[in-house]
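Inspection log for the structure reproduced underneath, given as structure tokens.
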Amino acid sequence: MSGSTGTIRVVIPLTIRKRNGRPKILPPDDVIAREGRNQDPHVLRAIARAWSWRRQLETGAASTILDIAAAEKVSDRFVSRMMRLAYLSPEVLEYLVIRRVPSALSLYDLADVAARPWAEQMGIVFDRSGRQTWSRSIP
């Protein structure tokens, strides 16, 4: 290293994205990720809560969303928005919960996608291209 400052600079091309309000470092597209990817625990918890609330309504343990919101000490808007996760397609739920494949969307965007037809959900939820392929306005 004659004539240099002795500093070695290493450049790693990473992308930083916000997921659920937190920054997350994503590897370059040409890097193959390990099999041991972890699902965001917030997504798993939200799906579990949504299914629990759905079961409460179906069994009669709670008669309305307002009852659930009062019991959970959250707003009725939050309960109704998060309950949409219980209506994701079985294929999307398998990838999120069993295979633990991280979603390309935030938790709130995932709830919005649940209103789409099941046939469209896989392509939207697991889009890895980094570009937004859908808009929040649902016809």
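Quick note: the coordinates plus some simple rules give every number you see, no bench work behind them. Quick caveat: nothing in here was measured; it's all calculated off a predicted structure. Cβ sites come from the backbone with ideal geometry, for glycine too, and all protein chains shown count toward neighbours.
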Find the residue count for segment 91-127, including only residues that are under 13 Å from the mean Cα position of the chain (by Cα) and either assigned to a loop (DSSP other than H, G, I, E, B) or among the aliphatic types (A, V, I, L, M) (or both). 21
If I go through segment 46-66 residue by residue, how many of them are part of a loop (DSSP other than H, G, I, E, B) and surrounded by fewer than 15 Cβ atoms within 10 Å (Cβ to Cβ)? 4
Does any residue of segment 67-83 turn out to be aromatic (Phe, Trp, Tyr) and surrounded by fewer than 19 Cβ atoms within 10 Å (Cβ to Cβ)? yes
